[in-house]
Amino acid sequence: MELVIGYIGFIIAAYSVIANDVIQTLGTFISSNFKVKWWWLWLFAISILSITLVYGWYVNDGDVSYGRLSAIPFPEKLEWWYLLAPIALLAITRFGIPVSTTFMILSVFSSGMVIEKMVLKSVYGYAISFVFAVVVYVAISRKFESSLSLDKHDKDKNKHYWLVAQWFSTGFLWSQWLIQDFANIFVFLPRKLSIEQLIISLSCIVLIMAYIFRKRGGRIQEIVNKKSNTKNIRSATFIDLIYGTFLYVFGNLNSIPMSTTWVFIGILAGRELAITYLLNKNKIKYTYIIIAKDLGKVNIGLVVSLVIAFLIQYLK
């Protein structure tokens, strides 16, 4: 029975985590490549995923979480109530709310001390990524994000170079996100996977990815589509590169899991504020409202995940 619960939890977690977090890593990629057949985007994404997963499994002796689950041991007995977290995340994802999958999934397996460390790292991640994005976009917005600059880019005969750059930046970002979030997906399975478990789990994820790409990201993709210039390949390249670099540096400071959603929302907020302030000041109040709404949505996930965590502790 525990084996069944583990695999059910894994499948639900894999779908809900990837579907909820796809906007962070592949959202701008999907948005700016809307003319490309979905299966080409899918093949690219699953190639990076397969390499990252198999490499992590090989170098970490079966641990595909890259050490992120070292402080979160596998439960002695996996009861049905552990499924409450991924089911709640699945329901929230259907409403298009970008909640933190790290808090929603890992908090039910973690002690109070680990949860506190995850929350602190995520809050710091939001604040630092927000400031980082503001600084970067204050420096580059006039040259790369203005209407005149974008018009020139659209007419540029050599803009295919930016297409190549965007695919590379997306591959880099996607790999860094996977290193952070494999813990959320594989927390229902043993901490060290056998070769059979690796193949089965990878096959499940590949099929889930096909469904998500077929839907072009689903309703939650609207979070990215509403932001300035995200369908422009050059703008998407900068977002992916900045986000990937931040995850590589800040995310790997230690093995404590963190919410990549909070970091992504912080980067988008800092970017939107800088662009609006420099290029369209008359809409600054509207930008504040968007930032507040996005932050409010991720806080919903934090509250719900903590409630579920306490409920499971009570059931134990």
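How do the helices (runs of 4 or more DSSP H) wholly within the range 1-89 filter down when requiring 3 or more residues that are in contact with a Phe, Trp or Tyr (Cβ under 6 Å, 6 or more places away or on another chain), among the small types (Gly, Ala, Ser) and farther than 17 Å from SER107 by Cβ: which remain?
Numbers: elements: 2-25, 27-32, 38-59.
Of the helices (runs of 4 or more DSSP H) lying wholly inside the range 1-89, none has at least 3 residues that are in contact with a Phe, Trp or Tyr (Cβ under 6 Å, 6 or more places away or on another chain), among the small types (Gly, Ala, Ser) and farther than 17 Å from SER107 by Cβ.
Say we look at the range 145-174 and pick out the residues that are surrounded by 21 or more Cβ atoms within 10 Å (Cβ to Cβ) and in a helix (DSSP H, G or I); which of these is modelled with the lowest pLDDT? Step through it out loud before you land on a result.
Just the residues of the range 145-174 that are surrounded by 21 or more Cβ atoms within 10 Å (Cβ to Cβ), to begin with: 145, 166, 169-170, 173-174.
Among the residues that remain, those that are also in a helix (DSSP H, G or I) are: 166, 169-170, 173-174.
Numbers: GLN166: 84, SER169: 91, THR170: 90, LEU173: 92, TRP174: 93.
My answer is GLN166.
Hey, among LEU89, LEU78, LEU106, which residue is under 13 Å from VAL187 (Cβ atoms) and over 18 Å from the mean Cα position of the chain (by Cα)? Please lay out each step first, then the result.
Numbers: LEU89 fails: over 18 Å from the mean Cα position of the chain (by Cα); LEU106 fails: over 18 Å from the mean Cα position of the chain (by Cα).
Every option except LEU78 fails the conditions.
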All conditions in (1) in contact with a Leu (Cβ under 8 Å, 6 or more places away or on another chain); (2) modelled with pLDDT of 90 or more are true of VAL119 except (2)
Restricting the range 235-253 to residues that are closer than 22 Å to SER65 by Cβ and of a type in the set (Phe, Trp, Tyr), the one surrounded by the most Cβ atoms within 10 Å (Cβ to Cβ) turns out to be TYR243
Expected output for the range 196-213 (first residue open to solvent by 90 Å² or more (accessible area, probe 1.4 Å), partner assigned to a helix (DSSP H, G or I), Cβ below 9 Å, 6+ apart or cross-chain) is TYR211/TYR15; TYR211/ALA19
Restricting the range 34-60 to residues that are at pLDDT 95 or above and loosely packed, with under 13 Cβ neighbours inside 10 Å, the one farthest from GLU2 (Cα to Cα) turns out to be SER47
Among the residues of the range 202-222, is there at least one that is assigned to a helix (DSSP H, G or I), at pLDDT 95 or above, of a type in the set (Gly, Ala, Ser) and more than 15 Å from ALA45 (Cα to Cα)? no
Checked against (1) at pLDDT 85 or above; (2) open to solvent by less than 20 Å² (accessible area, probe 1.4 Å), ILE256 satisfies every condition except (2)
Checked the range 263-290 for anything within 18 Å of the chain's Cα centre (by Cα) and either among the hydrophobic types (A, V, I, L, M, F, W, C) or surrounded by fewer than 22 Cβ atoms within 10 Å (Cβ to Cβ) (or both); matches are VAL263, PHE264, ILE265, ILE267, LEU268, ALA269
Being within 24 Å of VAL4 (Cβ to Cβ) and open to solvent by less than 10 Å² (accessible area, probe 1.4 Å) narrows VAL108, VAL99 down to just VAL108
When SER141 is run through (1) farther than 30 Å from ARG214 by Cβ; (2) open to solvent by less than 50 Å² (accessible area, probe 1.4 Å); (3) in contact with a Ser or Thr (Cβ under 8 Å, 6 or more places away or on another chain), the failure sits at (3)
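Using the structure shown, decide if ARG68 is of a type in the set (D, E, K, R) and open to solvent by less than 20 Å² (accessible area, probe 1.4 Å). Give the steps one after another, and end with the answer.
Working: of a type in the set (D, E, K, R): yes; open to solvent by less than 20 Å² (accessible area, probe 1.4 Å): yes.
Against the criterion (of a type in the set (D, E, K, R) and open to solvent by less than 20 Å² (accessible area, probe 1.4 Å)), ARG68 qualifies.
The values are calculated or read from the model by the stated rules, or taken from the named source; none is laboratory data. Given the structure is predicted, the values throughout are model-derived calculations rather than measurements. Every residue, glycine among them, receives a Cβ derived from its backbone with ideal geometry; neighbour counts consider all protein chains shown. All accessible areas refer to the heavy atoms of the entire protein, side chains included, with ligands and DNA or RNA removed. Shrake-Rupley method; radii C 1.70, N 1.55, O 1.52, S 1.80 Å.
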